[in-house]
Every structure is written in C-alpha cells, then in structure tokens.
Amino acid sequence: MWGRMNRTETAARLELKEPPEQFESRIRAAQRGEIDSFERIYRRFGARIYTMALRFTADAHRAEELTQDVFLRVWRKIGTYRWESSFDTWLHRLAVNGILSGLRADSRRFSWELLGEDVATLAGPARPTHPGRVLDLERAVASLPEGARAIFLLHDLEGYKHREIAELTGLAEGTCKAQLHRARRLLREALSR
Amino acid sequence: MNCHDARDRLDDYLEDALAPGERRRVEEHLSSCDACRSELSSIGALLDTAQDLQRRRVEPGRDLWPELRRRLADPRHREGRSWRERLGLERPRFVWQFSAAAVVLLVAIGLGASYVSRRFPLREEGRLASVEAVAPGDQAGAGLADQLAALDSEVSLARRQISQAAAADSTAGGSWGTFDANLQVLDRAIRESRAALEQDPENPRLQKTILSAYQKQLDLLRWASRFVHQG
C-alpha cells in the first residue's frame with residue numbers, strides 16, 4: 001500500500017485555495033450542473049478525501065474507488081446543500097458516511113468487533129524504516145484491525161464525539177469508548193518498539 | 001483510587017468528560033504515581049501526533065478526475081438530481097420567463113387602462129370628475145346609478161382584455177391570478193357598498209365610498225400602465 005503513494009506533505013498546496021466568494025460561486029455553478037466547476041471542488045478536497053479513505057481501508061486501490069464514490073455522492077446531493085453549515089463540514093459528513101458505507105459493503109469481512117487480547121494482532125513495523133513519528137503512526141494505524149482503526153480515525157483524527165460515532169457505527173457508546181481505549185494502547189505500544 | 005481504575009479513566013480525563021469528583025480523584029492519584037503520569041503523557045503524545053497526522057495529505061497514485069468525470073456524465077448518476085438541476089435550471093422555468101410574461105401582461109393592462117381613461121376622463125389628480133358632480137338630495141341618485149353601471153361595464157371589459165392577454169401566454173397564469181385576486185378584493189368592497197347604498201341611496205358617504213372603490217380599481221390599472229411606460 002505505501003509503495004504506491006506519492007506523498008505531498010503540505011496541505012495548503014494540495015487544497016487549492018481561492019477567495020470565499022469565488023468558491024461560493026463555484027458551488028452554485030456545480031449545483032446548476034456545471035461539471036467544470038465541480039472539478040474545482042474535487043481538486044480542492046480530493047486529496048483530503050483520498051487520504052481519509054486510504055487510512056480507513058489501508059488499501060490504495062479501494063481508497064481510489066471510495067474517493068470517486070464519495071464525489072459521485074457529492075455530485076448527486078450538492079443541490080441539497082443549503083448553506084446552513086460550511087461546505088467543508090457538509091462534504092466531510094458525506095465523505096465519512098460514504099466511506100463507512102463502502103467499508104460495510106466490502107466483499108472482505110469488515111468487523112466492528114472488539115480487539116482480541118492478543119496484542120500480536122497488531123503487526124506493525126518491527127523496525128520503522130522512516131524516523132518520522134507521524135509516518136510511524138500512519139503505518140501503525142494501517143495495521144490496526146478494521147473496526148478499531150475506523151473508531152480511532154473517527155475520534156482522534158476526524159474529531160467525532162463518542163455519541164456521533166455510536167450513531168454512525170450502530171455500536172453502543174460504551175463499546176466505542178472501549179475500542180478507542182484499546183486502539184490507543186496498541187498504537188502506543190507499536191510506536192514504542 | 002488504584003492504577004487500574006485511574007488508567008481506565010485517563011481517556012475521559014483528557015477529554016474533560018469526567019464528573020468533577022471523579023476528576024479530582026484521578027488528579028490525586030496522578031500527583032503520587034509516576035507510572036500513571038507517564039501513561040498520561042504517552043496518551044497525550046499520541047494525540048498530538050494524531051493531530052499532525054490529520055493535517056497530512058496523500059495524493060492518489062494517479063489523477064482520478066478523468067474517470068470520475070466520465071462517471072459523472074453517466075445518466076445513471078444524474079438520477080438523484082432534480083429535472084431542473086439536470087437541465088441546468090436552478091429555478092422553475094416561470095421565474096426566468098416571468099420578465100417576458102410580465103411585459104405582455106402590463107402592456108395589456110396599459111391598453112385596458114388607456115381605454116377606461118378615454119371613456120372616463122380623469123382630472124390631473126386622478127380623481128373621477130363625476131364624484132364632485134354628485135350632491136346629496138339632487139338627481140345624483142339616478143345619475144350615480146347610470147355611472148356605476150357604465151363603470152361596471154368598462155372595468156369588466158378591461159379585465160376581460162387583460163385576462164385574454166394572460167391566457168394567450170400560458171406562463172403568465174400565476175401573475176394574472178395575483179393581479180386578479182387584488183381586483184377581487186375591490187370587487188367585494190364595491191358589492192358591499194352598493195348593497196348598503198340600495199338601502200340608503202341618498203347617503204353621500206356611501207356614494208363616495210363606491211366611487212372611491214372604483215377609483216382604486218382604476219388606480220391599479222393606471223399604476224400598472226405607468227409601470228410599463230417607465231420600464
């Protein structure tokens with residue numbers, strides 16, 4: 001998975017910025033069905049959505065598919081955007097729902113089950129090839145079991161509260177907390193090796 | 001509080017999700033336990049790194065847009081969009097056609113108002129000359145009845161002309177409906193005044209009320225006519 005990635009570390013360069021009023025016009029044009037304007041929206045948010053999909057799936061090919069699915073969903077629903085929240089927030093919500101739906105629909109078994117007691121299920125890098133702590137964490141997250149990985153990403157990266165995660169996943173709030181607790185413990189152990 | 005209980009609560013402690021009493025007990029334990037303080041620091045470091053990770057972006061190995069664009073153009077992916085969105089119309093058709101329909105309607109109103117004003121010449125202030133000619137106690141009752149009948153006929157003719165013009169343009173139906181609804185309000189006022197006048201034909205106030213109602217109808221037509229000329 002990691003070998004296929006082209007890394008670009010600077011978010012500001014990827015998320016092409018334009019003046020708010022210009023971006024607002026672009027959204028309205030996309031709502032009218034102008035694909036060229038929608039392309040600008042994709043260019044602005046595409047890397048972010050792909051990155052999120054990649055972290056959830058730990059599979060670059062699947063992440064590409066889910067990224068396209070998310071933007072197809074955005075295209076279909078952009079007419080319902082009512083400017084009640086920021087477009088960023090609105091799109092992010094669609095993306096999370098789209099990615100989680102994709103995970104559940106996967107042919108591979110996707111489980112929200114609690115981590116087993118066996119810490120060895122977290123493969124992790126035996127010896128990090130890159131000294132950067134952020135990249136170490138990226139690799140360690142990819143090694144988490146799917147369900148725990150998703151809850152860690154939703155809570156600690158995407159900022160969702162336990163109540164919201166429970167609604168998204170269908171799990172009890174207490175279960176979400178327990179999974180997060182164990183995911184953090186496994187990650188800290190992997191990073192300390 | 002022992003270490004096991006304290007470590008079970010460290011996640012909630014960091015999120016400020018503990019009740020005040022429980023938070024106090026955790027802090028008391030941390031103040032005397034190096035191992036749990038180290039555990040807390042380790043969790044904090046993980047969350048700091050997670051924040052850095054959240055800002056990191058990864059590009060796909062290839063440009064996804066060409067394929068995405070092809071899928072967007074697929075009619076199956078346009079199903080969720082309304083017919084207006086698919087046609088590139090963000091508003092109902094009658095809104096952007098309204099300006100054309102409004103011009104047709106207002107020209108028709110102007111023609112109708114012009115016809116009425118030629119039939120009943122107005123003073124500069126727009127007041128019906130016949131209002132001042134009516135005096136209680138004289139032959140005004142009979143004269144007023146004839147004038148009212150004639151006014152009825154002329155207003156009906158003008159409204160028929162406008163209605164026919166609106167009917168000729170199917171998209172102007174909504175606009176004519178609104179305009180006609182306003183005229184109907186005045187019709188009701190006129191009917192009620194005429195019914196009262198029948199009971200008290202010499203009443204000058206009722207006479208002026210009826211003529212005022214007709215004046216308002218004419219003013220409405222005149223206003224529409226002026227709007228067209230100003231446009």
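The values are calculated or read from the model by the stated rules, or taken from the named source; none is laboratory data. All values derive from a computational prediction rather than experimental measurement. All Cβ positions, glycine included, derive from the backbone under ideal geometry; neighbour counts span all protein chains shown. The protein model used for the area step is the full one, side chains on, heavy atoms only, and it has no ligands, DNA or RNA in it. Shrake-Rupley method; radii C 1.70, N 1.55, O 1.52, S 1.80 Å.
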request  = Excluding residues on the same chain fewer than 8 positions from residue A:177, give the lysines whose Cα lies under 24 Å from its Cα.
outcome  = A:161
request  = Take residue B:145, project a point 7 Å from its Cα along the Cβ direction, then tell me which residues of region B:183-197 have their backbone nitrogen under 18 Å from it.
outcome  = B:191-197
task = Determine ³J(HN,Hα), in whole Hz, for all residues of region B:211-217 in sequence, where each value follows from phi through the Karplus function 6.51 cos²θ - 1.76 cosθ + 1.60 and θ = phi - 60°; x replaces Gly and Pro.
result = 5, 5, 5, 5, 4, 5, 5
remark   = Amide H contacts under 5 Å for residue B:58, restricted to residues at least 5 apart in sequence or on another chain and with H modeled in the peptide plane, are A:51
inquiry  = Residue by residue through region B:48-53, what is 3J(HN,Hα) from phi via Karplus (6.51 cos²θ - 1.76 cosθ + 1.60, θ = phi - 60°)? Round to whole Hz and write x for glycine and proline.
reply    = 5, 5, 4, 5, 5, 5
ask   = In nanometres, what is the gap between the two model label sites at residue A:24 and residue B:73, each 7 Å from Cα along Cα-to-Cβ?
value = 3.3 nm
remark   = What the 10 Å binned alpha carbon P(r) of region A:143-183 shows, as percent of pairs per bin from 0, is 35, 61, 4
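For A:52, B:1, write out the residues from largest to smallest accessible area, computed with a 1.4 angstrom probe and no ligands counted.
If we order A:52, B:1 from most to least accessible, we get B:1, A:52.
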ask   = How far is it, in nm, from the label point at residue B:157 to the one at residue A:89 when both lie 7 Å from their Cα along the line to the Cβ?
value = 6.4 nm
ask   = From the phi of every residue in region A:54-60, what ³J(HN,Hα) in whole Hz does the Karplus formula 6.51 cos²θ - 1.76 cosθ + 1.60 yield, where θ is phi - 60° and glycine or proline is x?
value = 5, 5, 5, 9, 6, 8, 5
inquiry  = From the protein chains alone at 1.4 Å, what is the descending order of accessible area for B:74, A:69, A:36, largest first?
reply    = A:36, A:69, B:74
inquiry  = Using only protein heavy atoms and a 1.4 Å probe, how much accessible area in total is buried between A and B, to the nearest 100 Å²?
reply    = 4700 Å²
